[in-house]
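Comments concern the structure below.
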Amino acid sequence: MKPFLTRTLLMALLLLAAGAQAQRIAFVDTKYILEKMPDYAAAQQELDRQSKKWQDEIDDRWGQIKRLREAFNAEAVLLTAEMKKSRQQEIDEKEQEARDLQQRRFGVGGDLFKKRQELIQPIQDRIYDAVKEVAGTSYVAIFDIGGVGNNVLFASEKYDKSDSVLRKLGIRPDKDGKDAGNLRGGGEPEEEHNQEPDMQKERMTTPPGNNLDRGNTINKPKQ
């Protein structure tokens, strides 16, 4: 099922559940919230400063390589074959070092990613904690309209029917994965009990780090 249809179906089901149980659904705009937080603005400034520092470091490496190549091209007619090979090898090694540095600074899981996690994650956690407090026991779900795809930030476990679906499929659900198995031919599925769950339990359907970091654009490395 396409992601858009999945989200639409989820929202529709939650709306029906909310109407039946006299519960409520709300939304927040995390982009707007972040823009109003001084800590987030300071974190973005630090990320921009560090990103520029690392980019300048990489640009300096490529500048050195450019000068080496220009000197090599100008002196090539005066060099022996062995000297040409040695100079070319030196340039190739420095180019590889520059690419490795660029990957280490700006690649997936690189220094910039780690720095962003260090600075932004605590802010995202504070927002999520505040969302849970606002939700309390009064809301079925809270959506984020400031991120991509209007993701669910909070959803009550009361409306999680995953185990019920597993039973319909003939699979014994188990949260720890120890006793899960096929129920077909091995007994009847357990009947679903309509006990009221602890409404203080909730689920984070989308990790807070996925959609909250939507501030200033970080300088990207030059290709």
So the check is Cβ under 8 Å with 6+ separation or different chains; which pairs have a first residue in the stretch 94-117 that's closer than 18 Å to R49 by Cβ and a second one that's modelled with pLDDT under 95 and of a type in the set (A, V, I, L, M, F, W, C)?
L112/I218; R116/I218
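Residue-by-condition table, conditions (1) of a type in the set (A, V, I, L, M, F, W, C); (2) at pLDDT 90 or above:
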{"site": "E90", "(1), (2)": "no, yes"}
{"site": "E95", "(1), (2)": "no, yes"}
{"site": "G110", "(1), (2)": "no, yes"}
{"site": "I127", "(1), (2)": "yes, yes"}
{"site": "K132", "(1), (2)": "no, no"}
{"site": "Y139", "(1), (2)": "no, no"}
{"site": "F143", "(1), (2)": "yes, no"}
{"site": "G146", "(1), (2)": "no, no"}
{"site": "N150", "(1), (2)": "no, no"}
With A17, A26, A43 as the choices, which residue is of a type in the set (G, A, S), modelled with pLDDT of 95 or more and surrounded by 13 or more Cβ atoms within 10 Å (Cβ to Cβ)?
A43
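The values are calculated or read from the model by the stated rules, or taken from the named source; none is laboratory data. None of these values were measured; they are calculated from a predicted model. Please note: Cβ atoms are built from the backbone with ideal geometry, for glycine as well, and neighbour counts cover all protein chains shown.
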